[in-house]
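Throughout, read-outs are computed from the coordinates displayed, never taken from laboratory work. Keep in mind it's a predicted model, so treat the numbers as computed, not measured. Please note: Cβ atoms are built from the backbone with ideal geometry, for glycine as well, and neighbour counts cover all protein chains shown.
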Amino acid sequence: MKTIRVTAAVIRKDDRVFATARGYGDYKGGWEFPGGKIEPGETPREALAREIREELDTDILVGDLIETIEYDYPSFHLSMDCFWCSIRSGSLTLREAEAARWLTADSLDSVNWLPADRSLIGKIRQGLMDR
């Protein structure tokens, strides 16, 4: 099975995190933390900063690694490095996603998360409540 290496931004602002709904592909409409594929020669942090610039027209500060999620989808294995992030500059303009929401610890379950992202929700909730 093919492995796809990606990185995801859990963009935090006060007591909320930013989530997006996929605008394309097999999982269109499913909710996820924004990010994308790690290109050859990039570190996960470099890839994440580039992807958020491309997808959301925003510069982020990439913080601590939350977890690396390993998840088997039907046609590929996903290895996803997830980082706490904050906005350095920009306005989170949706270039690829079809929708976005700011979610609190209490509203994290209000969207239909993609399976790999769903496995991160407990840690995100705890991180928001620990602040």
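List the lysines whose Cα sits under 21 Å from the Cα of residue 123, skipping any in the same chain fewer than 8 residues away.
Of all the lysines, those that pass the test against residue 123 - Cα under 21 Å, at least 8 places apart if same chain - are 13.
Using unit Cβ charges (K, R positive; D, E negative) and no other charged atoms, how large, in debye to the nearest 20, is the dipole of the chain about its Cα centre?
Roughly 120 debye for the chain.
Just to check I understand the Karplus step: with θ = phi - 60° and J = 6.51 cos²θ - 1.76 cosθ + 1.60, what whole-Hz values come out for the stretch 90-95, glycine and proline as x?
Along the stretch 90-95, the couplings run x, 10, 6, 7, 6, 9 Hz.
Of all chymotrypsin sites (Phe, Trp or Tyr not before Pro) in the stretch 1-34, which ones are in loop regions per DSSP and have a Cβ with at most 13 other Cβ atoms within 10 Å?
24
Answer with one residue from 83, 120, 97: the one whose Cα lies farthest towards the positive end of the charge dipole of the stretch 61-124, charges on Cβ with Lys, Arg +1 and Asp, Glu -1.
So the residue we want is 97.
Sequence-distant or interchain residues sharing an amide H contact under 5 Å with residue 99, placed H: which?
21
Among DSSP beta bridges lying fully in the chain, give the percent that are antiparallel, nearest 5.
70
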